[in-house]
Each structure stands twice: as structure tokens, then as C-alpha cells.
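FYI, it's all coordinate maths here, none of it is from the lab. None of the values given here were measured: they were computed from a predicted structure. Here the Cβ is made from the backbone with ideal geometry for all residues, glycine too, and neighbour counts use every protein chain on show.
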Amino acid sequence: MLRFFRTEQTVAADAELVAKYKSTNEQKYLGQLYDRYLELVYGVCLKYLKDQTLAEDAIIAIYEELITKVREHDIRQFRSWLHVLVKNHCLMQLRRDKKNITVSFDPNFMQSIEELHPLLEEGQQNGQEAALKVCLDKLKIEQKSCIKLFYYEGKSYKEIAEMRVDEVGTIRSYIQNGRRNLRKCLEKKNKAHKGEVE
């Protein structure tokens, strides 16, 4: 359930995390704060971008924006401020690339801990297990570890975060970035293979 109901206590808790991040510059405080609103951020991104993959990518990009913007602004109500930031980010993205305004809710691309991601599954079905292994080995160690735990061992974001002593938002970023890097690597290998065959 989205966290729409605000109380003075939660506003104060948000303000405390903002203050801690600004004073220490430690991303664990920003990660905690962002994790509270991931569902809200994702919902807004999906509403404007109308594409699951674009919305997931936007979540990562917005977090990267927050690293500097939270320090630069005087934030009184983090939730309201974040909502405006997310909305503006999505509108800017739509202006940059109008081709992205497509609706694509293919259930095959829904992340599930019960099955492999379609990208990984496709690699195995097409006899590309060797290429998939090479591409996995090329990932950064954090991405590789999280991808394996999530897609191969069926661990949830929360379980991986507890195992790695990390924030859930950070784990989500590792998995999304790892998945994108895997896709690029496999596409590159496929093109190279087709070039050799032709």
C-alpha cells in the first residue's frame, strides 16, 4: 500500500534523515529516506512514462539526482518536494524523447522472485548459456552478486539487503543496473555472432 497518509511524526522523521544526510554526507540516510517513498516514486513515474522499464530506470536516475539536490535545497516537507521532483524529471524525459510515450505492460517483463528474468531465461533457451555466463562475469561484483541472489536463488530485495547489510533501494539499483548491463552485453554478443555467420 502506498504511503499517502502523513503525520507530524513521519514528517519529523523525514526531516531528521534529511538533516543527517546533509550533515554527514552518508548515503545510508538518503537511502533510508528514498526507500520509504519507492512505491510512490514508481507510481508517479509509471503514470507519466507509461512504461515499466522506463519507470524503473527513472527510479535510479532520480536517486542519483537526490544525492546532490537534497544538499542544495531547503526541504520542509520531503514527500511533497520529492513528488514535484519526480514529476519534473518525468516531464523532462518525455520532452527529450517523445518516442518513449508508449504503453507497454508486457507481463513477461514483471520482476518475479519465482522465475528467471526473461533476459536470462531467453539466454538459456537460445543456447546462449556460455554468453550469459561471460556477461555475468563482466558485471561489477555487487551487480553480479545481487542478480544471482535475486534471479537464480529467488531471494527478495529485503533478504538480499539483510544479507549484504545494505539498503533495499541500493539492492534494487544493483539489480536494475546489472540487468541493463547484461542486456547490452548479450545484444553486443548477438550482433558479433550474426556478423561472423554472415
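Using a 10 Å cut-off around each Cβ, can you sort Thr170, Thr68 from fewest to most neighbouring Cβ atoms? Could you put the intermediate results ahead of the total?
Working: Thr170 21, Thr68 9.
The order, fewest Cβ neighbours first, is Thr68, Thr170.
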Under 17 Å from the Cα of Lys189, which lysines turn up, not counting those fewer than eight places away in the same chain? Lys133, Lys138
To the nearest 20 debye, what charge dipole does the range 8-100 have about its Cα centre, counting +1 at the Cβ of each Lys and Arg and -1 at the Cβ of each Asp and Glu? 360
Bin width 10 Å, origin at 0, all Cα-Cα pairs of the range 28-92: what percent of pairs per bin? 22, 60, 18, 1
Over 31 Å between Cα atoms: which of Lys158/Lys191; Lys87/Lys188; Lys50/Lys148; Lys22/Lys50 fall into that group? Lys158/Lys191; Lys87/Lys188; Lys22/Lys50
Qualifying trypsin sites (Lys or Arg not before Pro) for the range 27-79 [loop in DSSP, other Cβ within 10 Å: at most 11]: Arg76
